[in-house]
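Shown next, in structure tokens, is the structure this report addresses.
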Amino acid sequence: MKKKLTFFIFFLSFSVQNILASSSQVDVVEVASGIFVHQGKHFDVDENYQGDIGNIGFIIGKNSVAVIDTGGTLAIGESLKACIREKTSLPIKYVINTHVHLDHIYGNAAFQDKNTEFIGHRNLPEAMQLRKKFYEELNLKYLNIPFEKTIQIPPSILIKANDTMILDLGERKIKISAYSMAHTNSDITIEDLSTGTFWAGDLLFIERTPVVDGDINGFINILDKFISLNIKLVIPGHGTPTKNWKEAFKKHKNYFITLRNEIRQAIAEDIGLQKAIETVAQSEAKKWELFDVQNARNINQIYPKLEWE
């Protein structure tokens, strides 16, 4: 009986270790020549979250590699780096963060190297610092990661809103664009000019309900601009990369317009915030995953701001 119990405990321990290890493993798909994406899972932060809910990936040029977002934990970043090394031995010259949210930045520490530059919006270092304690507490609560292993690596190369930057990876140029307040106050996009591939970050959600953590009016204005782009493929911050990107941006915009219009109507009719959370934009519910929780957060974020229009 003792032997059986010992074996069971060993087996259970081994299984748990394997589950935990597998949760930090990522795989990548080549969506365009030299462009590799790992698609995050559609989980909420407090449900099955393993730091792996956002899209991350990399671009390989002739001389170097650029990483686009790194995941929500050091383990995810290390796994992404291992994927890069399976594809190329070229130096990783740039790590680019599309915005401040934790599922996009906490793999940065895996890429620390004297020859690697970190790039982001001019607002990103301050935004990271402001959220540091909150993000450390989330990773401790849901992932049991101690504070000292939730490591922030802020960008050293900064792009201010409405500016662009061109980087050359070796016969492959990428264009980085920074924006005013929209999804957050630190949004950037990356366009691979050779393939017409556009990394939208969280300025586009596909399948998963879009989130506003900045300004809904600014977000809608940017979506309008994106619809007129001359590109071939879009990689969203969450969801499946698509060639039907115009339709994806339009669907995203339509949800936000519905959301904004119905919040304005609720305010005009003196419908309180709690009732608005229960009723606003419900016509969109079947179009999106995680709708109930994300739509409620959006209303909670937007309603007080629209009250002051």
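The values are calculated or read from the model by the stated rules, or taken from the named source; none is laboratory data. Just so you know, these numbers come straight off a predicted model, no measurement behind them. Cβ placement follows ideal geometry from the backbone for every residue including glycine, while neighbour counts extend to all protein chains displayed. For accessibility, only protein heavy atoms count, side chains too; no ligands or nucleic acids. Shrake-Rupley method; radii C 1.70, N 1.55, O 1.52, S 1.80 Å.
How high is the relative contact order of the chain? Use alpha-carbon pairs under 8 Å, at least six apart in sequence, and give a whole percent.
13 percent
Taking a 20 Å limit on the Cα-Cα distance, which of the listed pairs K141/K286; K250/K287; K132/K175 fall beyond it?
Distance filter (> 20 Å) returns K141/K286; K132/K175.
Compute the normalised compactness of segment 231-306: alpha-carbon radius of gyration over 2.2 N^0.38 Å, N being the residue count.
1.23
When ligands, DNA and RNA are left out and all protein chains stay put, how many square angstrom of accessible area per residue does segment 159-309 have with a 1.4 Å probe?
I get 44 Å² per residue for segment 159-309.
For the chain, what is one quarter of the convex hull surface built on the Cα atoms, given in nm²?
18.6 nm²
On the accessible surface of the chain, probed at 1.4 Å, how many percent belong to carbon and sulfur atoms?
C and S atoms contribute 53 percent here.
Using the Cα atoms as the points, what is the convex hull volume per residue of segment 167-309 in Å³?
Enclosed volume per residue, from the Cα hull, is 98 Å³.
In deg cm²/dmol and to the nearest 500, what is the mean residue ellipticity at 222 nm of the chain if only DSSP H runs of at least 4 residues count, each as -39500 (n - 2.57), divided by the residue total?
For the chain, the value works out to -12500 deg cm²/dmol.
Among E78, E148, E30, which one shows the biggest mean-square fluctuation in a GNM of the chain, springs joining Cα atoms closer than 10 Å?
E148
Excluding D27 itself, what net charge comes from residues whose Cβ is under 13 Å from its Cβ, given Lys and Arg +1 and Asp and Glu -1?
-1
Once you've got the GNM for the chain with C-alpha springs shorter than 10 Å, pick whichever of P210, P91, P154 has the biggest mean-square fluctuation.
P91
Which helices pass in the chain if a helix is a full DSSP H run, must span at least 18 angstrom along its long axis by Cα, and must have mean Kyte-Doolittle hydropathy not below -1.0?
2-23, 74-87, 124-143, 245-268, 291-306
Thinking of segment 67-116 as a set of Cα atoms, what percent of all their pairs are more than 13 Å apart?
52 percent
Just flag the trypsin sites (Lys or Arg not before Pro) in segment 81-132 sitting in loop per DSSP whose Cβ has no more than 15 other Cβ atoms within 10 Å.
Passing both the DSSP loop test and the Cβ count: K114.
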